[in-house]
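For reference, the structure discussed in these notes is given below.
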Amino acid sequence: MGVARIVLIGVTGLLMACGPTAPDAGQGNQSAGGSGADRGRTLVLVSRAEPDTIADKEVFSVTGLSFSATPRLFNAGLAILDGQESPQPYLVEAHPQLNTDTWRVFPDGRMETVYRLRPNLRWHDGNALSAQDFAFAWRIYSNPEFGQAGSPPISQIEDVVAVDDRTIAIRWRGSFPNADAIESADFQALPRHILEELYQPDQVESFGRQLFWTRDYVGLGPYRLDNWQPGSFLEASAFDAHAWGRPKIDRVRVLFISDFNTVLATMLAGEAHITVDDAIRYQQGAILRREWGPRNAGTILTTPDQWRRSEIQQRPEYANPRGILDARVRRALAYSIDKLALNEGLFEGEAILADTFVPPTTSFFPDLERAITKYPYDVRRSEQLMTEAGYVKGPDGIYTHPADGRFSGELKVNDSAQAEAEMAILAAGWRQAGFEFREIPVPQSQSRLGEVRGSFPTLYNGGGGVTGSINEGSSGSFISARIANPDNRWVGGNRSGWSNPEYDRLFASYTSTLDRPQRVQQMIRMVQIFTEDAAAIPLYFNPGIVAHIAALKGPHPFGPEADVSWNVHEWEWR
């Protein structure tokens, strides 16, 4: 990849100072729940933002922000990925097994999987969990008005049937390879005893505004919601009837702090114990490492987290300048990025640079790397492509087209220090190469609006999930069915509007092929198409940082498709 000092610390984790806690480290003040008695001590987590809901599978998902650890506290699914990205049975007794009565593939290509719930499972309000709760949830998610019906696994499910109170049968329109790894974020049960009387299929907006999704939430996870103070924090207590046993820590509090440096100060002051959901970035993690190291006061875990890219507007009704609709112009933009300088400026050279959405930690990456189109820094090649597209440089060095005029566009990022630094480095490099960009940081209140994220005129930098062997990650964010537009309330990960029929066909095959070697070849071909057309400009894999005090035992190194909080019920004080 041509990267100086790449550090692949996502697989093994970077463990700092796992020795005894310094006397003042992690004790916390009363606002953090520190009382000196571990049994009654409150675990304080810091999240980057306040979620719209703590449900894992959202009925409306337009925020543009990703949450995993916060919903994990309150939800449980059929399966969960452990730290090594291996699916573990959660609410069920065992995974379905292919070519048995629990996982049958029919001659016409359809499929059925059967799941047996553990006995005596209960919702947070004490009511029994039933297979009917899964069948009811299917009615919700399959309603096209919610914008979820086009996303797998929902799009590939034909029906969900409660065979009896503890037995769920999922009938699939075709084969689905991850039937043994259905997490709550993919498809979760909903409490029928609460929501059925509130649900009207033609009144989805009022249903989505129900207080159930926020302060009155009832789930199945290790913690039960007690208090939600909008804009500030939420509090929860250990759930005695949790499927994997009562959590060892009695109470948790999640603080919502959007400023990375404020989170840093909160951690250094001992007022919080762990950062989750992208609460800090590499820069703050480096400071914590320096501060904690001499005192053996904490641990830094790092993983290739979000795939960072410049999304390119590819719908004529929004594109400005129109030149970006030409693949040669998109390639020229990609060739004129000095990624090494970007890496050095943001991460002291320690990020993993990206040529696509598949990280080098993936097992099949060597085969993929040989097949894809890459765009190394090459200003001369960039200029050749712009000339082919009909552009010439004006007296001020900026490209101009005889029909479309001056290449002057917008470069948008969600407002944060790292994103704005990234924007400044990119815009400066592009101006030097002949592209003029206005730099526009988008406030958090606006970046959560789907229309803002989908109707940008030129470039909008953002992050997406890592694509690996289990989850589709960002590969599914570029299929035509997920193009965000006014007709679907701007719900959908494909905000740029890029569309390619062959990519769509391969993605459909990838999400239905059971043979792993075949799936690998399908993914490689998808990435070939994506990179050849310069559908987006890959930048780097954002180093995902989780920092926790040494007094907290339980968080472990984790893969990019997993989450540090998967085993939160086992966490305890040293």
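All of the numbers you see were taken from the coordinates with simple rules; none came from a lab. Fair warning: this is a prediction, and the values are worked out from it, not measured in the lab. For neighbour counting, all protein chains shown are included, and Cβ atoms are generated from backbone atoms with ideal geometry for every residue, glycine included.
Observations
- Each stretch of four or more DSSP H residues adds -39500 (n - 2.57); spread over every residue of the chain, this sum gives -6500 deg cm²/dmol at 222 nm.
- Share, in percent, of DSSP beta bridges within segment 327-453 that are antiparallel, nearest 5: 35 percent
- Listed values for segment 246-255 are Karplus-derived 3J(HN,Hα) couplings in whole Hz (6.51 cos²θ - 1.76 cosθ + 1.60, θ = phi - 60°), namely 5, x, 7, 9, 5, 9, 10, 9, 10, 8, and x replaces Gly and Pro.
- By other beta-carbon atoms within 10 Å, ranking 57, 393, 412 with the fewest at the front produces 393, 57, 412.
- Distance-filtered residues of segment 247-282 - backbone nitrogen under 11 Å, label point 7 angstrom along residue 572 Cα→Cβ: 248-249
- Of all DSSP beta bridges in the chain, antiparallel share, percent nearest 5: 75 percent
- A full extension of the chain between residue 120 and residue 553 corresponds to an added length of 153.0 nm, given 0.36 nm per residue minus the alpha carbon distance.
- Cross-link partners of residue 374 among aspartates and glutamates, defined as those whose alpha carbon lies under 14 angstrom from its own and excluding same-chain residues fewer than eight positions apart: 338, 355, 532, 533.
- Entry note, the chain: relative contact order of 23 percent, from Cα contacts under 8 Å with a spacing of 6+ residues.
- Of the chymotrypsin sites (Phe, Trp or Tyr not before Pro) found in segment 316-375, those that fall in a DSSP loop while having at most 14 other beta-carbon atoms within 10 Å are 318.
- Remark: the residue 261-residue 99 segment gains 53.0 nm on full extension, using 0.36 nm per residue and subtracting the alpha carbon distance.
- Put simply, the amide H of residue 92, placed in the peptide plane, has neighbours under 5 Å in 118, leaving out anything fewer than 5 places away on its chain.
- As a rough guide to protection, the peptides 226-233, 86-93 ranked by mean Cβ packing within 10 Å, highest first, stand as 86-93, 226-233.
- DSSP bridge orientation in segment 305-543 - percent antiparallel, rounded to nearest 5: 65 percent
- Between segment 429-472 and segment 48-116, the alpha-carbon center distance in angstrom: 28 Å
- Estimated FRET transfer efficiency when R0 is 22 angstrom, pair residue 533-residue 381 (beta carbons, to 0.05): 0.85
- Segment 447-550: GluC sites (Glu not before Pro) in DSSP coil with no more than 13 other Cβ atoms inside 10 Å: none
- Using a simple spin-label model with pseudo-atoms 7 Å out from Cα toward Cβ, residue 318 and residue 215 lie 3.5 nm apart.
- Close amide H contacts of residue 221 (hydrogens built in the peptide plane, cut-off under 5 Å, sequence separation of 5 or more or a different chain): 75, 76.
- The slack in the chain from residue 440 to residue 196, taken as 0.36 nm per residue of separation less the alpha-carbon distance, amounts to 83.4 nm.
- A cut-off of 5 Å between modelled amide H atoms, ignoring neighbours fewer than 5 places along the same chain, links residue 157 with 173.
- Using distinct alpha-carbon pairs, which all enter the 1/r mean, Kirkwood radius of segment 75-207 in Å: 15.3 Å
- In plain terms, the bigger the Kirkwood radius, the slower the diffusion; for the chain, with that radius from Cα pairs, at 37 °C and 0.692 mPa s, Stokes-Einstein puts D at 133 µm²/s.
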